[in-house]
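> Encoded as structure tokens, here's the structure I'll be asking about.
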Amino acid sequence: MDNRPIGFFDSGLGGLTCIPNLIKLLPKEKIIYFGDTARTPYGSKAASTIKSFSRQIADFLVNHDAKMIVIACNTVSATCLTDLRQRYPNVPMIGVIQPAAERIVKTCSTMNKIGIIGTKATIASSAYKQQVHDLNCELELYETPCPAFVPLIEEGIIQNDIMDLTIKYYMDDFILENRLDTIVLGCTHYPLIRSNIKRLYPTLRIINPSEEVAYSIKRTLKEENMLAEDSDFENVFYASDLSENFVNMIDRIFYAEDVKVKFKNLELETVEETQK
Ligand code: DGL
């Protein structure tokens, strides 16, 4: 048993989309989350930059008592998982691409034409292709980067024509030319535009790997005998720049609960605290 919180991080608010499934599956677990809203997006940055940001955040979470780390960001999972595991060999750590690959293999067959959408760094890494093909080398996968999605989502530009046009810009030809019937949301921000994608392409099957991420967390904690029983810790959400959208998203997830939101400035090493 281990009542300390699970550490989550992402370049911004995208990783929050993994939280509802976790709460459903493991209601006794507590969360410490870090969204690097001041430096988002990561997906178009150099691998060395993503690595140095990720190390700072992993250090922060470990220093704040996280019992395990969930890299709730495909970009960091694709580029830094090995590095972070080496940095913290005694802290259980999972990325989101392995669970996503498991979900794809469980739910797709060779009859499907599967499109993966993600950031530039995720797609350039070929991590999806590698991890899916390690499990089933016969599945037909196509990939395309959609770098403008994350900045728009962080700005809250979702339910409007700008987002719809951007989706069509990246996805119309991608779907048509490859005759895709399935699309995988290969970025934790993208579940926030799932309903736009569904409306624009109603026959397309959309795979959101976040449920599988929750199963993977449960499996890891069970194996390590680290499931929480009766935790006194609070759920705490940090952001390097406390945007309105970030707070609103937390409100939507925990609307009935008393959640602490903290602002952590990585450069100045100061912490301001606000209560919801
Ligand atoms: N949510 C991150 C991911 O899953 C977005 C990365 C970015 O900031 O570009 O890749």
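The values are calculated or read from the model by the stated rules, or taken from the named source; none is laboratory data. Quantities reported herein were computed from a predicted structural model and do not represent experimental measurements. A quick note on method: Cβ atoms are made from the backbone with ideal geometry, for glycine too, and the neighbour counts reach across all protein chains shown. Only protein heavy atoms, including side chains, enter the accessible area calculation; ligands, DNA and RNA are left aside. Shrake-Rupley method; radii C 1.70, N 1.55, O 1.52, S 1.80 Å.
> I need the full set of residues from the stretch 179-205 which are open to solvent by less than 70 Å² (accessible area, probe 1.4 Å) and touching a Lys or Arg at 6+ places or on another chain (Cβ under 6 Å), in order please.
Leu180, Asp181, Thr182
> Here's a follow-up. Consider Ile117 against the criteria (1) hydrophobic (A, V, I, L, M, F, W, C); (2) assigned to a helix (DSSP H, G or I); (3) under 30 Å from Phe246 (Cβ atoms): it satisfies all of them except one. Which criterion is unmet?
(2)
> Right, here's the next one. Go through the stretch 82-107 and give me each residue that's assigned to a loop (DSSP other than H, G, I, E, B) and either modelled with pLDDT under 95 or surrounded by fewer than 16 Cβ atoms within 10 Å (Cβ to Cβ) (or both).
Those that are assigned to a loop (DSSP other than H, G, I, E, B) and either modelled with pLDDT under 95 or surrounded by fewer than 16 Cβ atoms within 10 Å (Cβ to Cβ) (or both): Pro89, Asn90.
> Follow-up. Just to be sure I understand, how many residues within the stretch 123-151 are open to solvent by 30 Å² or more (accessible area, probe 1.4 Å) and in a helix (DSSP H, G or I)?
The total comes to 9.
> Residues of the stretch 40-56 being of a type outside the set (D, E, K, R), within 11 Å of the ligand (Cβ to nearest atom) and open to solvent by 20 Å² or more (accessible area, probe 1.4 Å), which ones?
Matches in the stretch 40-56: Thr40, Pro41, Ser44, Phe53.
> Asp59 passes all but one of (1) under 24 Å from Gln131 (Cβ atoms); (2) charged (D, E, K, R); (3) without any contact (Cβ under 8 Å) to a residue 40 or more places away in the chain; (4) open to solvent by 30 Å² or more (accessible area, probe 1.4 Å); which number fails?
(1)
> Something else about it: Among the residues of the stretch 52-81, what is the count of those that are in a strand (DSSP E or B) and among the β-branched types (Val, Ile, Thr)?
Qualifying residue count for the region: 3.
> For Tyr238, which of the numbered conditions (1) assigned to a loop (DSSP other than H, G, I, E, B); (2) surrounded by 20 or more Cβ atoms within 10 Å (Cβ to Cβ); (3) of a type in the set (Ser, Thr, Tyr); (4) modelled with pLDDT under 95 fails to hold?
(1)
> Okay, next question. Can you name the residue in the stretch 62-81 that is open to solvent by 20 Å² or more (accessible area, probe 1.4 Å) and of a type in the set (Val, Ile, Thr) and, of all such residues, is farthest from Leu221 (Cα to Cα)?
Thr79
> Here's something else I'd like to know. Does Glu229 qualify as being within 16 Å of the ligand (Cβ to nearest atom), open to solvent by 50 Å² or more (accessible area, probe 1.4 Å) and over 28 Å from Ala46 (Cα atoms)?
No.
> Does the stretch 260-268 include one or more residues that are free of Cβ contacts under 8 Å to residues at least 12 places away in the same chain, open to solvent by 40 Å² or more (accessible area, probe 1.4 Å) and out of contact with any helix residue (DSSP H, G or I) (no Cβ under 8 Å at 6 or more places or on another chain)?
Yes.
> Given the criteria in a loop (DSSP other than H, G, I, E, B) and either more than 13 Å from the ligand (Cβ to nearest atom) or open to solvent by 10 Å² or more (accessible area, probe 1.4 Å) (or both), does Asn21 qualify?
Criteria not met by Asn21.
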